[in-house]
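Just below is one structure, and these are the notes that go with it.
The values are calculated or read from the model by the stated rules, or taken from the named source; none is laboratory data. Here the structure is a predicted model, which is why all the values come from computation and not from measurement. Side chains are part of the model used for accessible areas, which takes the heavy atoms of the whole protein and leaves out ligands, DNA and RNA. Shrake-Rupley method; radii C 1.70, N 1.55, O 1.52, S 1.80 Å.
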Amino acid sequence: MKQFEDKLQASAQRLARQENKNLHVPQNPMQQKRAYWGWVATPAAAVVGLVFGMSLHLFVDNHFDTSQAQLTDTIRIIQPVHDTLYLTQVVEKERVVKKNIPTPQVTQTVTKEPASQPEECTSIQCDGINYAILASK
C-alpha cells in the first residue's frame, strides 16, 4: 500500500507545480527594488547647501563696516517703555455743606454739572464687579 500512496503524493505534487507555473502574480507595490529618491536627494541637498554657504562670501562683496558689530554685543535702550496703562474714572457726587452759624441753619448744596459724555470704565476699580467672590479659599 505504501507504493500507491507514494505515487498518489508524487502525482499531486507534479500537478500543483504545473498549476503554479501557469499562475500570474503581480509584483507587490510595497516592495520596490529601486532606491527611494529621497534617500539620495536629501544628502545631496545638504552637501550643496553646505558648499554654497561656505563659498557665499566669495560671491558677495562686503561693503559693511563690521568693526562696530564685533565690538558691541549688547544694545541698551535708555528710555523706559511703560507697558501698562492705568485708566481711572472720576465720580462726582453732590455734597451737602453745613455751616455752624447761630442763626437758623442754612443748607447749601454744591453741585457740578456732569460732563457732556461719560467716560467708559476700563479699570477693575470702577467696573462694579465684586472680585472677592472669585478668590479661592
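Among the residues of the stretch 27-47, how many are open to solvent by 100 Å² or more (accessible area, probe 1.4 Å) and either assigned to a loop (DSSP other than H, G, I, E, B) or at pLDDT 90 or above (or both)? Here the count works out to 8. Against the criterion of being at pLDDT below 70 and open to solvent by 90 Å² or more (accessible area, probe 1.4 Å), residue 106 qualifies. Only one of the numbered conditions (1) of a type in the set (D, E, K, R); (2) open to solvent by 90 Å² or more (accessible area, probe 1.4 Å); (3) modelled with pLDDT of 75 or more is violated by residue 61, and that is (3). Is it the case that the stretch 75-90 has a residue that's open to solvent by 100 Å² or more (accessible area, probe 1.4 Å), of a type in the set (A, V, I, L, M), modelled with pLDDT of 60 or more and more than 34 Å from the chain's Cα centre (by Cα)? Checking the stretch 75-90: at least one residue is open to solvent by 100 Å² or more (accessible area, probe 1.4 Å), of a type in the set (A, V, I, L, M), modelled with pLDDT of 60 or more and more than 34 Å from the chain's Cα centre (by Cα).
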